[in-house]
Amino acid sequence: MSCLEQLKKHTVVVADTGDFDAIAQYTPQDATTNPSLILSVVQMPQYASIVQECVEYGKSLGGSIDEQVVNVTDKLFVTFGSRILDIVPGRVSTEVDARLSFDVEGMVTKAHKLIKLYEDAGISRERVLIKLSTTWEGVQAAKILEAEGIHCNMTLLFSFAQAVACGEAGVTLISPFVGRIFDWYVAHGDRKTFTEDDDPGVISVRRIYNYYKRHGYKTIVMGASFRNTKQISGLLGCDYLTISPKLLNELKNDTRSLEVKLTKESAPQLGDDFISLNEKDFRYAHNEDAMAVEKLAEGIRKFAVDQVKLETQIKAMLES
């Protein structure tokens, strides 16, 4: 039995890509997208007709060129998400512009627009997760949206404080970034290699999983941003794992025997004691984690850069 088959027995496998062909190949339950992934797929020739369809949509709404760019971009995210939902039986995650990461009202407004576009396309909001950066403002926006029946996926999550805040807010799902945590420790420490049991990214997700399960939080823990398959096997049993096509292929072709690492039964003995964080507590606790502070800021900047690159391409198409 392949590692991928073993993984699917204990964990929901999610495809971390916007490439329809790759998603169909590995039959995941869900799929996640972000501005970086959409930027890469819109440059693939096989998706040119979809991009052009969205450009024509934007033009038809009129308005200034900047307004058209925003409308095309939103439509592009939703169109790719809709096509992905033709393939996966579960849900797709669609990300709100990272430049809104500190704007509660802006994130809520953008989420409403994305959900409306999905519903206009005949897709229930139950099949969509709105991705928000895990800033304090992002958590507050998610709290508002969840109360309206709009499910959220909290991304760029690196600290335990971020996870605690998300659990208290009752968000649907969180995406702690295993690989980026690993990257920071490799760059700032003496060790360059880790086992699946002492990898700092893996340890972080295990801690969050055990805390949530011990205290009865319903929020789904979805490990993300993997650098190798050891990190994935180190989280066997986690609720969800979102995995790139490259690593899905490696798991498909690997037949080593895997061991379950996380269970709801063992969590009560392993999870931290309960804590509650108000805004001041959250900001201080998060600030105490240098890795998390740096990686959250870097992640927002990088997603924003790719959003701008995508919008620049769309603007050129609108003006051509």
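Mind listing whichever residues of region 1-31 are open to solvent by 20 Å² or more (accessible area, probe 1.4 Å), of a type in the set (A, V, I, L, M), outside any strand (DSSP E or B) and farther than 17 Å from residue 47 by Cβ? Lay out the reasoning, then the answer.
We begin by selecting, within region 1-31, every residue open to solvent by 20 Å² or more (accessible area, probe 1.4 Å); these are 1, 5-6, 8-10, 12, 16, 19-21, 24-25, 27, 29.
Remaining after also requiring of a type in the set (A, V, I, L, M): 1, 12, 24.
If we keep only those that are outside any strand (DSSP E or B) too, we end up with 1, 24.
If the condition is that a residue be open to solvent by 20 Å² or more (accessible area, probe 1.4 Å), of a type in the set (A, V, I, L, M), outside any strand (DSSP E or B) and farther than 17 Å from residue 47 by Cβ, then 1 is the only one that fits.
Please find, within region 91-133, the residue that is nearest to residue 177 (Cα to Cα) out of those that are of a type in the set (Gly, Ala, Ser) and surrounded by 15 or more Cβ atoms within 10 Å (Cβ to Cβ). Outline the logic, then answer.
Going through region 91-133, the residues of a type in the set (Gly, Ala, Ser) turn out to be 93, 98, 101, 106, 111, 121-122, 124, 133.
Next, from what is left, pick out any that are surrounded by 15 or more Cβ atoms within 10 Å (Cβ to Cβ): 93, 98, 101, 106, 111, 133.
Details: 93: 15, 98: 16, 101: 17, 106: 24, 111: 22, 133: 12 Å.
Ranking the qualifying residues of region 91-133, first place goes to 133.
Suppose we keep only residues that are buried (at least 22 other Cβ atoms within 10 Å of the Cβ) and among the hydrophobic types (A, V, I, L, M, F, W, C) within region 184-219. Which one would you say is farthest from residue 159 (Cα to Cα)?
Step by step, filter region 184-219, then rank; the result is 202.
Residue 244 passes all but one of (1) among the small types (Gly, Ala, Ser); (2) open to solvent by 10 Å² or more (accessible area, probe 1.4 Å); (3) under 18 Å from residue 262 (Cβ atoms); which number fails?
The single condition residue 244 does not satisfy is (3).
Could you tell me how many of the residues in region 268-301 are more than 19 Å from residue 208 (Cα to Cα) and either surrounded by fewer than 16 Cβ atoms within 10 Å (Cβ to Cβ) or modelled with pLDDT under 95 (or both)? Break it down stepwise before answering.
To start, the set of residues in region 268-301 that are more than 19 Å from residue 208 (Cα to Cα) comprises 279-280, 294, 297-301.
Checking the rest, the ones that are also either surrounded by fewer than 16 Cβ atoms within 10 Å (Cβ to Cβ) or modelled with pLDDT under 95 (or both) come to 279-280, 294, 297-298, 301.
Looking only at that region, the number is 6.
Just give me the residues in region 56-72 being under 12 Å from residue 317 (Cα atoms) and surrounded by fewer than 21 Cβ atoms within 10 Å (Cβ to Cβ), in sequence order. So that I can check it myself, show each step before the final result.
First pass over region 56-72, keeping only residues under 12 Å from residue 317 (Cα atoms): 56, 58-59, 65, 68-69, 72.
If the condition is that a residue be under 12 Å from residue 317 (Cα atoms) and surrounded by fewer than 21 Cβ atoms within 10 Å (Cβ to Cβ), then 56, 59, 65 are the ones that fit.
The values are calculated or read from the model by the stated rules, or taken from the named source; none is laboratory data. Keep in mind the model is a prediction, meaning the values are calculated, not measured. Glycine gets a Cβ as well: all are built from the backbone with ideal geometry, and neighbour counts include every protein chain shown. We work out accessible area using only protein heavy atoms, side chains counted, and drop any ligands, DNA or RNA first. Shrake-Rupley method; radii C 1.70, N 1.55, O 1.52, S 1.80 Å.
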